[in-house]
Amino acid sequence: MKRLLAIAGSLRKHSYNRSLLRAAAELAPAGMSVVVYDALSSIPLFDEDLENATGGGPEPVRRLREQVETAEGILIATPEYNHSVPGVLKNAIDWLSRPAPREVLAGKPVALIGASGGPFGTRLAQAALRQVLYATESLVLPGPALYAREAAKLFDGEGRLADAATRDRLAGILSAFAVWIDRLRAEGAPGSP
Ligand SMILES: Cc1cc2nc3c(=O)[nH]c(=O)nc-3n(C[C@H](O)[C@H](O)[C@H](O)COP(=O)(O)O)c2cc1C
């Protein structure tokens with residue numbers, strides 16, 4: 001069984017990006033499960049003094065680090081804020097990037113998706129996130145991609161992903177991610193258990 005940890009870069013209750021992750025949990029292929037991380041708001045702002053005083057970060061950071069470490073892959077759904085990654089997501093990645101106690105994102109298979117209200121569907125945010133994940137030495141699925149634009153048209157009143165083409169695309173990404181994880185595992189990538 002491949003267990004994915006799915007992280008949405010939004011704290012908003014009715015976040016389209018979190019809704020995308022819930023859809024991913026429904027659409028995961030056989031042999032893959034998706035656990036949606038729901039504690040991003042508990043991660044404090046990164047502060048090296050706090051990191052040192054707590055031996056790598058306080059309890060919420062420790063829990064997130066463990067969840068990332070034990071997952072076979074990370075699925076990130078990012079909103080786009082001012083043509084880039086929302087601060088809350090970048091902040092969590094900054095914590096996870098630190099060498100002490102462990103660089104849990106190094107060698108970790110990661111897949112990116114995103115939804116925005118506008119017409120460009122998080123293209124710039126995903127490009128910026130790829131650059132950040134290059135620094136963390138994560139192994140990011142090269143494609144296919146999902147840039148879910150004009151998100152209000154894609155979800156129903158309950159926040160369920162209703163658009164058939166977007167559901168198909170998301171299912172295709174999850175299948176490609178399963179192949180990517182197997183390939184990295186076969187090659188002995190350090191972060192793929
Ligand atoms: C501070 C801020 C900046 C934003 N900048 C962009 C942007 O550059 N491009 C874009 O497509 N949408 C932008 N948006 C709109 C977001 O795409 C929209 O709020 C989206 O629903 C956020 O994702 P969520 O539903 O997961 O919270 C911005 C929203 C905020 C709050």
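The values are calculated or read from the model by the stated rules, or taken from the named source; none is laboratory data. Keep in mind it's a predicted model, so treat the numbers as computed, not measured. Cβ sites come from the backbone with ideal geometry, for glycine too, and all protein chains shown count toward neighbours.
Points worth noting:
- Pairing residues of region 2-14 that are buried (at least 24 other Cβ atoms within 10 Å of the Cβ) with residues that are charged (D, E, K, R), at Cβ distances under 8 Å and at least 6 apart in sequence or on separate chains, gives L4/E72; A8/R18.
- Per-region count, region 164-188, residues acidic (D, E) and either within 15 Å of the ligand (Cβ to nearest atom) or part of a helix (DSSP H, G or I) (or both): 2
- Meets criteria (buried (at least 22 other Cβ atoms within 10 Å of the Cβ) and either aliphatic (A, V, I, L, M) or part of a loop (DSSP other than H, G, I, E, B) (or both)) for A30: no
- Selection count, region 14-33, where residues are farther than 21 Å from K90 by Cβ and either within 11 Å of the chain's Cα centre (by Cα) or within 14 Å of the ligand (Cβ to nearest atom) (or both): 5
- Count of region 34-45 residues which are crowded, with 19+ Cβ neighbours inside 10 Å and either at pLDDT below 95 or within 16 Å of the ligand (Cβ to nearest atom) (or both): 2
- Within region 139-164, residues that are at positive phi have Cβ atoms under 7 Å from residues that are part of a helix (DSSP H, G or I) in these pairs: G159/S19, counting only partners at least 6 apart in sequence or on another chain.
- Subset of region 34-44 (residues that are farther than 14 Å from L89 by Cβ and touching a Phe, Trp or Tyr at 6+ places or on another chain (Cβ under 9 Å)): P44
- Only one of the numbered conditions (1) within 26 Å of Q67 (Cβ to Cβ); (2) without any contact (Cβ under 8 Å) to a residue 60 or more places away in the chain; (3) not polar (S, T, N, Q) is violated by A111, and that is (2).
- Checked against the criterion of being at pLDDT below 95 and among the small types (G, A, S), the candidates A100, A125 yield just one match: A100.
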